[in-house]
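Bear in mind these aren't lab numbers, they're just calculated from the coordinates by the rules spelled out. The model shown is predicted, which means the values in this text are computed figures rather than measured ones. Here the Cβ positions follow ideal geometry from the backbone for every residue, glycine too, while neighbour counts run over all protein chains shown.
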Amino acid sequence: MKIAAGAAKGLEYLHDKANPPVIYRDFKSSNILLGEGYHPKLSDFGLAKLGPVGDKTHVSTRVMGTYGYCAPEYAMTGQLTVKSDVYSFGVVFLELITGHKAIDNTRPAGEQNLVAWARPLFKDRRKFPKMADPLLQGRYPVRGLYQALAVAAMCLQEQAATRPLIGDVVTALSYLASQGYDPNAPAQNNKVGQSTPRARDDRKSLGGGNNQHGVQSPHRNSPDFRQRDLIRGASYGADIGRGGAGGGSGRKWALDDLETEVFLKDNPVHVGKERGTPTDVNRDFNRERAVAEAKVWGENWRERKRTYAQGSFNSTDE
């Protein structure tokens, strides 16, 4: 997570702080150098291009880069945007999560292209443990895996407009990187299709009221309640493909559905037939939800840092 968050911050500087913005164009794992303490640095800017300015939406250029990392719209049209880098980042992040290369011809036919192999797995959360690097031997927080794959799935959307901005990716990954985990702790039982106690606790908490530990939940209309609801109930890791996987309440979220059905407590809201085309509405909703979740993760992380600095950190929160 530290490497991913640091690399994302490098892209954030190029996209949001450089003037004019710079598109890396060849973001890949071999261009990330690791310093002391695994501090990442981006290298090899030979293919970088100045991004669009003013009212321009893209830069038209000859297609260059590395196979397996190029965004599909750039490979097909030569139209380059900052979202092209976000896609490439998603590939690298997926490499970090899975331990697979973007293209690996030594693997079976269905696993040689990392993104093509991962796409169907994104739609069923029960298959998420299959995507974890086997060298971890199950020693990882399941919730962290789900949220990391959520970020990767957002970055790897085929439509560029539905991908998050790199700044929102930085916010989400900074939160995940801040979460402590003891690698020497006993390995969790991460068998496919098996629910962990923590996951069951999180699903039970969606109903409001008192949780199983007897702690009073915050008021439904309070900011803390809404924040917990977003983090627990709206986590992509818990909800991607839930419509097909079944189980639990909360939000149903299918990345490729033309109609997205969102359950907020007992109030179903149907999105996809209200305005515009179903695809447009779903695309807008995907983007807005991704941005909102990333910001909530970041706000929660910053609030924890402030509370800790004041000497009143509550380890039971979240």
Worksheet item: Could you list, in sequence order, the residues of segment 121-168 that are over 14 Å from the mean Cα position of the chain (by Cα) and either among the acidic types (Asp, Glu) or farther than 18 Å from Gly99 by Cα (or both)?
Response: Asp124, Arg126, Asp133, Glu158, Gln159, Ala160, Ala161
Item to complete: Can you run down the residue pairs with Cβ atoms below 6 Å, 6 or more apart or on separate chains, where the first is in segment 63-81 and in contact (Cβ under 8 Å) with a residue 40 or more places away in the chain and the partner is of a type in the set (S, T, N, Q) and outside any strand (DSSP E or B)?
Response: Tyr69/Ser88; Ala71/Ser84; Leu80/Thr61
Worksheet item: Does segment 4-28 hold any residues that are surrounded by fewer than 21 Cβ atoms within 10 Å (Cβ to Cβ) and β-branched (Val, Ile, Thr), and which are they?
Response: Val22
Practice prompt. Go through (1) in a helix (DSSP H, G or I); (2) touching a Gly at 6+ places or on another chain (Cβ under 7 Å) and name the single condition Val86 misses.
Written response: (2)
Worksheet item: Looking at Asp16, is it in a loop (DSSP other than H, G, I, E, B), in contact (Cβ under 8 Å) with a residue 40 or more places away in the chain, at negative phi and touching a Gly at 6+ places or on another chain (Cβ under 7 Å)?
Response: no
Worksheet item: What about Leu47, is it among the hydrophobic types (A, V, I, L, M, F, W, C), over 27 Å from Pro120 (Cβ atoms) and not in a loop (DSSP other than H, G, I, E, B)?
Response: no
Discussion item. Residue pairs, Cβ under 7 Å, 6 or more apart or interchain, first in segment 25-37 and within 10 Å of Ala7 (Cα to Cα), second among the aromatic types (Phe, Trp, Tyr) and part of a helix (DSSP H, G or I). List them.
Written reply: Phe27/Phe89
Practice prompt. Could you check segment 95-188 for helices (runs of 4 or more DSSP H) lying wholly inside it with 1 or more residues that are among the small types (Gly, Ala, Ser) and within 20 Å of Lys2 (Cβ to Cβ)?
Written response: 142-155, 166-178
